[in-house]
Amino acid sequence: MKNLLITALWVLLLVSCNSHSSEQTRASNYQSNLDQLLDVLDENDKFMGNVTLSHEGKSIYSKSVGFSNIESKMPITSATKFRIGSVSKMFTATLIFKAIEEGKLSLDQTLESYFPEVENASSISVEHLLCHQSGVYSYTKDEVFRNELSKAYQSPQDLMSLVSGYPSKFEPGTQTSYSNSGYFLLALLLEEVYDKGFDELIAAIILVPLELTNTYLPDGITSLGEETNSYRNSDGWVEEDKWNLSVGFGAGSIVSTPNDLNTFIEALFNERIISKESLNQMTTIENNFGRGIIPFSTEGHSGFGHGGVIEGFKTMSFYFPEEKLALAVTANALDYNMDGLVTDILKGYFNESFVLPVFGGLAITAGELEKYIGVYEAEGLPGKYKITMKGNTLFAQLEDPAIEDDFPIDPLVYKGNHKFTNEEIGANLLFEPGNQQLGLEQQGISEIYIFSKAK
């Protein structure tokens, strides 16, 4: 009997040691994968920022590359503060569901009692605003706002005057169109029902209880001087102009760190802020949108969270419930596809067919490029691809009448055999000059869309 007990103990000890050793090996593998990935992006001037992963509430990986201020060579660290843009919408939506739980609002509450000046106020519900189905025009698409108003302090009353002056795009609930105006109205609605400032509500319900000491809403009048600069790549990193964050309000005004973002999203999905019922409603997806949340999936791993873009800042904050994994990517300079970067990080973490990106193209003459120039259309798709040339570089621009904003004109990198890559969005353009066609190959999508040159 004694020998059997000793044998059993040895087996348990060996299993424990092997399990611990296996976990150490896996950790070493993903840390090496992610270090290599970020080093390659850094060396090729593709990324400055931070990547932080947390598992079951414990930070398991964090790496920073680049500078928060290039001129002073101030390095980015895990404590560097970034503008997180539309990731702020997750905070706003969380407060809305808290208000619903407290009986101050409901999803079918309409706006006429609060904002009668907004067109279709009697038909626009809280749920419509959360799901981008309100029909309220997004004020950040307004050229006057972009060129003038975004740089100066705007009070909520100023923004309301702007938003209420727009005609409705469609009848509420009939279409889906991303609208920052909707989240501005949600934040203003929270102030009305609580009779408190939006910044006070976020502090009381989220920031203080979770001890998010590096997350805040600038008042838009004074600068705290704690944020990183942001940059765009134009033959080297060039500093972007800053917006006055008063204009973001509930749609995109928050400043945070990757550690704080992981703490917030873990608390959200572990029902420490709102109930499971509310979380289920937030994560119910329709037309690729939840209620303040969007989905993200890659090869068997499904998560929820949000992305954000403001000036040169790009942020992703996601939680993968099955893996109990939180991921925050905060960039103050990015010349790479953000969805592709998150996919690369997840592949590196899960050790799944991980391949480092390769940058740089092959030489090609201007004469050889001329055969690709033109406008390409696809049957059944509203958009067109306009291919132009400048010097020895080919450029692509998607033109879609259904989208109000102009798409960027992106440079293409020649990879040989009539293949060009748009490194910004992570897509390949596969030309067939003989057939006057191009194929669009997108990361994560198996189907190749075929466009034919217009005659």
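When each of the peptides 273-279, 92-98 is scored by how many other beta carbons lie within 10 Å of its residues on average, the order from highest to lowest is 92-98, 273-279. The charge dipole of the chain, taken about the Cα centre with unit charges on the Cβ atoms of Lys, Arg (+1) and Asp, Glu (-1), comes to about 1040 debye, rounded to the nearest 20.
Our summary gives the chain a relative contact order of 17 percent, counting only alpha carbon pairs under 8 angstrom and 6 or more residues apart.
Extension gain S297-E239, at 0.36 nm per residue separation less the Cα-Cα distance, in nm? Working it through step by step, the gained length comes to 17.6 nm. Rounded to the nearest 0.05, the FRET efficiency derived from the C-beta distance between I285 and K104 at R0 = 22 Å is 0.30.
Computed from point charges on the beta carbon alone (+1 for Lys and Arg, -1 for Asp and Glu), the dipole magnitude for the range 260-407 about its Cα centre is near 220 Debye.
Among the protein heavy atoms of the chain, carbon and sulfur supply 49% of the accessible surface, probe 1.4 Å, non-protein parts ignored.
Using θ = phi - 60° in the Karplus curve 6.51 cos²θ - 1.76 cosθ + 1.60, the 3J(HN,Hα) couplings for the range 159-173 round to 5, 5, 4, 5, 5, 6, x, 8, x, 5, 7, 6, 5, x, x Hz; x is entered for Gly and Pro.
In this structure, the amide hydrogen of A427, modeled 1.01 Å from its nitrogen in the peptide plane, lies closer than 5 angstrom to those of N422, counting only residues at least 5 positions away or on a different chain. The Cα atoms of the range 351-399 give a gyration tensor whose axes a ≥ b ≥ c have a/c of 1.5 or more with a/b no greater than b/c, which makes the shape oblate. Computed from the C-beta positions of I450 and E71 and an R0 of 51 Å, the FRET efficiency is 0.60 to the nearest 0.05.
In the distance distribution for the range 206-315, Cα-Cα pairs more than 18 Å apart total 61 percent. Put simply, the amide H of K415, placed in the peptide plane, has neighbours under 5 Å in L362, F420, T421, leaving out anything fewer than 5 places away on its chain.
Using just its DSSP H runs of length 4 or more, each adding -39500 (n - 2.57), the chain gives a mean residue ellipticity at 222 nm of -9000 deg cm²/dmol after division by all residues. Building the convex hull from the alpha-carbon atoms of the range 95-147 and averaging its projection over directions returns 4.4 nm².
Accessible area per residue for the chain in Å², computed with a 1.4 Å probe and the full protein assembly in place, what is it?
Ligands and nucleic acids excluded, the figure is 47 Å² per residue.
Using all pairs of distinct alpha-carbon atoms, the Kirkwood hydrodynamic radius of the chain works out to 24.0 angstrom.
Under the simplified labelling scheme, the S161-N44 pair shows an inter-label distance of 4.9 nm, with each label point 7 Å from Cα along Cα→Cβ. Lysines near K276 by alpha-carbon distance under 24 Å, same-chain residues fewer than 8 away left out - which ones? Within reach: K58, K89, K98, K104, K324.
Using 0.36 nm per residue and subtracting the Cα-Cα separation, the extra length available between D410 and L362 on full extension is 15.5 nm. Using +1 at the C-beta of Lys and Arg and -1 at the C-beta of Asp and Glu, which of A454, N233, F145 has the Cα lying farthest in the positive direction of the dipole of the chain? Of the listed residues, the answer is N233. Extension gain, A204-T393: 0.36 nm per intervening residue step, less the Cα-Cα distance, totals 62.8 nm.
Could you tell me the calculated FRET efficiency between I373 and E148, based on Cβ-Cβ distance and R0 = 35 angstrom, to the nearest 0.05? Result of the calculation: an efficiency of 0.45.
Need the list of lysines near K371 for cross-linking: C-alpha distance under 27 angstrom, and skip anything on the same chain fewer than eight residues off. Leaving aside lysines fewer than 8 places away in the same chain, those within reach of K371 are K384, K386, K390, K415, K419, K453, K455.
The values are calculated or read from the model by the stated rules, or taken from the named source; none is laboratory data. Because the structure is predicted, anything quoted here is derived from the model rather than measured. Don't worry about glycine lacking a Cβ; one is built from the backbone with ideal geometry, like all the others, and counts go over all protein chains shown. These area figures cover heavy atoms from the full protein model, side chains too; ligands, DNA and RNA do not enter into them. Shrake-Rupley method; radii C 1.70, N 1.55, O 1.52, S 1.80 Å.
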